[in-house]
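In what follows, a structure is listed as structure tokens, so that the remarks can point back to it.
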Amino acid sequence: QVQLVESGGGLVQAGGSLRLSCAVSRRPFNVNGMGWFRQAPGKEREIVTAFAWSGGRTDYADSVKGRFTIARDNAKNTVYLQMNSLKPEDTAVYYCAATTNIMAMTPRLYDYWGQGTQVTVSS
């Protein structure tokens, strides 16, 4: 069973930066992709970014392109989300997720989820 633990959320002013971490424990061989999602109050969960463990292919939601970057440390089995130039509309609970698909941009294609970490951006 894969376990995902997010950390690094918090309160930041608009224009600031945060780095989220997702520690992946007991990653089975069939987990091929990872993603970060977010969910604001009253809204559906949406993709932020996704990547494939093999090959390193990544993709980003248009709303975060140029501001957010996903990175990983294979030795630590940790995935990071660097968020720069944050905006109030980035406020949400951010989730790390793992999938048996090579890379997926849809929440329903993910098999494992972390508990989420709150990011609040003040104006």
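On the given criteria, is ALA23 surrounded by 17 or more Cβ atoms within 10 Å (Cβ to Cβ), under 12 Å from the mean Cα position of the chain (by Cα) and more than 16 Å from VAL121 (Cα to Cα)? Answer is no for this residue.
Residues in the stretch 71-84 that are out of contact with any Phe, Trp or Tyr (no Cβ under 8 Å at 6 or more places or on another chain) and either loosely packed, with under 14 Cβ neighbours inside 10 Å or of a type in the set (Phe, Trp, Tyr) (or both): 5 in all.
Filtering the stretch 53-105 down to residues that are basic (Lys, Arg), part of a loop (DSSP other than H, G, I, E, B) and touching a residue at least 12 places away in the same chain (Cβ under 8 Å), which residue is nearest to MET34 (Cα to Cα)? Steps first, please.
Kept after step one, since they are basic (Lys, Arg), are these residues of the stretch 53-105: 57, 65, 67, 72, 76, 87.
Filter once more, keeping what is part of a loop (DSSP other than H, G, I, E, B): 57, 65, 67, 76, 87.
In the following step, the residues that additionally are touching a residue at least 12 places away in the same chain (Cβ under 8 Å) were identified as 57, 67, 76, 87.
Details: ARG57: 11, ARG67: 19, LYS76: 15, LYS87: 24 Å.
If we take residues in the stretch 53-105 being basic (Lys, Arg), part of a loop (DSSP other than H, G, I, E, B) and touching a residue at least 12 places away in the same chain (Cβ under 8 Å), then ARG57 is nearest to MET34 (Cα to Cα).
Within the stretch 40-62, being on the phi < 0 side of the Ramachandran plot and open to solvent by 60 Å² or more (accessible area, probe 1.4 Å) holds for PRO41, LYS43, GLU44, ARG45, GLU46, SER54, ARG57, THR58, ASP62.
Looking at ALA61, ALA52, ALA40, which one is modelled with pLDDT under 95 and among the hydrophobic types (A, V, I, L, M, F, W, C)?
Details: ALA61 fails: modelled with pLDDT under 95; ALA40 fails: modelled with pLDDT under 95.
Checking each option against the conditions leaves just ALA52.
Can we say ASN101 is in contact with a Gly (Cβ under 9 Å, 6 or more places away or on another chain), of a type in the set (S, T, N, Q) and surrounded by 14 or more Cβ atoms within 10 Å (Cβ to Cβ)?
On the way: in contact with a Gly (Cβ under 9 Å, 6 or more places away or on another chain): yes; of a type in the set (S, T, N, Q): yes; surrounded by 14 or more Cβ atoms within 10 Å (Cβ to Cβ): yes.
Criteria met by ASN101.
The values are calculated or read from the model by the stated rules, or taken from the named source; none is laboratory data. Because the structure is a prediction, the values reported are computed rather than measured. In this analysis, Cβ positions are derived from the backbone assuming ideal geometry, glycine residues included, and neighbour counts consider all displayed protein chains. Side chains are part of the model used for accessible areas, which takes the heavy atoms of the whole protein and leaves out ligands, DNA and RNA. Shrake-Rupley method; radii C 1.70, N 1.55, O 1.52, S 1.80 Å.
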